[in-house]
Amino acid sequence: MGNVVGNKGLYWVAAALLLPLVALFDLGEPADGSISGFGAGDGAARAFHVALRDEYLSLAATEGTGMSDWTDSQYFSLKALQADRGATPQPELLADWWLPEDAQPILNDARNRLLELLTKGGRMSAPREIARAQAAFDCWMERQEENWNIGAIITCQDRFEAAMRAVRRITSGADSPLPPRAMLGLGEREAQRYPVR
């Protein structure tokens, strides 16, 4: 069959995986107590959840069609469904996976770095990149648990580190908001003529 799963094919594969699960699971509200769904001013939050959904759908398709690992494929499809509903699935916990002991410290460090960027504005300022980092981390965990295909483990790890570098690059300037007009020494007339964007 080869790799014939394109964008449309990816969604059909994910839909085929999700449909039986939708009837079985009530995903409920996000664990952090926030409301699912989005309001009119939630563009960045929506962008993060859409990107996270797409990343998990891609991971689910790879697990299912590429690796014939239908259990993990369905699991990542559920995370895609959560993100699509506006809930925020969390990066995987090390304790939930059978990981080799020597891999645990580096994965723990990676998860802590990811959580730091997720909580310090990465979702808002770099939604696609942080979503890619989260899904790549989960990919890395899943492949590390299997622990047989070193190339696949390295691919997920490299994808994670590249996405983390992109998030750090974007967020390094995002922490300094533009100063208010008054701090720029603009009067009302100049402020209208030269608006700060």
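Each Lys or Arg adds one and each Asp or Glu subtracts one; over the other residues with Cβ under 11 Å from the Cβ of GLU63, this totals -4.
Taking K and R as +1 and D and E as -1, what net charge do the other residues with C-beta under 10 Å from the C-beta of TRP98 add up to?
Numbers: positive: none; negative: ASP96, GLU145, GLU146.
With Lys, Arg at +1 and Asp, Glu at -1, the net is -3.
3J(HN,Hα) couplings calculated from phi for the range 134-151 with the Karplus curve 6.51 cos²θ - 1.76 cosθ + 1.60 (θ = phi - 60°) are, in sequence order, 5, 5, 5, 4, 4, 4, 4, 4, 5, 5, 5, 4, 5, 6, 10, 10, 4, x Hz; Gly and Pro show x.
Taking Cβ atoms as reference points and 12 Å as the exclusive limit, the residues near SER73 contribute a net charge of -3, counting Lys and Arg as +1 and Asp and Glu as -1.
Just so you know, all these numbers are worked out from the coordinates, no wet-lab data involved. What you see is a predicted model; the values in this text were computed from it and never measured. Every residue, glycine among them, receives a Cβ derived from its backbone with ideal geometry; neighbour counts consider all protein chains shown.
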